[in-house]
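Engineer: One structure follows; several queries about it will come next.
The values are calculated or read from the model by the stated rules, or taken from the named source; none is laboratory data. Since this is a predicted model, take the numbers as computed values, not measurements. Neighbour counts run over all protein chains shown; Cβ positions are idealised from the backbone, glycine included. With ligands, DNA and RNA removed, areas are computed over all heavy atoms of the protein, side chains included. Shrake-Rupley method; radii C 1.70, N 1.55, O 1.52, S 1.80 Å.
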Amino acid sequence: MKQHLKALVLVLVLGGLAVWAFDRFFMSRVEQSPATISSVDKMETEGAPNFTSKSLDGQTFELHSMKGKVVILNFWASWCGPCVEEVPSLIKLINEFKGDVQLIAVSGDSNEEDIHVFLKSFPELKGANIKIVYDQDRSLMKMFDVSRLPESLVLDKDMKLVKKLVGSIDWHTKDSVEYMKSLLTAK
């Protein structure tokens, strides 16, 4: 019995050390890397970097062509449970603003077919104010220093970053709607 207790204590201590080391040395570098902080600061002051992309429906668009509107740049994947959870509320928010708020949903899926299967469950994602982009080479994720999914960047009418959200949220709440209205009426 004493040996089992000693073994259990040893396993708990080693497990605790492993979790601490992982958090201390790996996660802190991911979350606090100077490059990420610098790019966020730059997007807040100078604006988001411009890019040209093609949506799944074949239309080519440029991010900065959406100036004058609020843009939610949402990075997601069909296999990501929290990403799937937030989709219905994100669609409701976009639909509420009838074109004044645009969604660019950037998929990090492994292949385009997975996205099309996912879209069968959410046909509303094919709306006029929503662009679905397959980031096959992860160039957009790199450009915006995305480290986890879902991750969203809210850009104001001047394409400046006003909010970076990591993780799933309920997009269609009274506070969220009021926040979007405040961004639309600013300046």
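Engineer: How many Å² of accessible area per residue for segment 86-187, probe 1.4 Å?
Structural biologist: About 49 Å² of surface per residue is accessible.
Engineer: Say each of ASP158 and ASP100 gets a label point 7 Å from the Cα, pointing the same way as Cα to Cβ; how far apart are those two points in nm?
Structural biologist: Each label point is offset 7 Å from its Cα along the Cβ direction, giving 1.9 nm.
Engineer: HIS116 to LYS181: extension gain in nm, 0.36 nm per residue of separation minus the Cα-Cα distance?
Structural biologist: 20.2 nm
Engineer: Here is a follow-up. Taking all pairs of distinct Cα atoms, average 1/r, flip it, and tell me the Kirkwood hydrodynamic radius of segment 34-160 in Å to one decimal place.
Structural biologist: This gives a value of 14.8 Å.
Engineer: Give the Cα extents of segment 108-187 along the principal axes, in whole Å, largest first.
Structural biologist: 41, 28, 22 Å, listed from the longest principal axis down.
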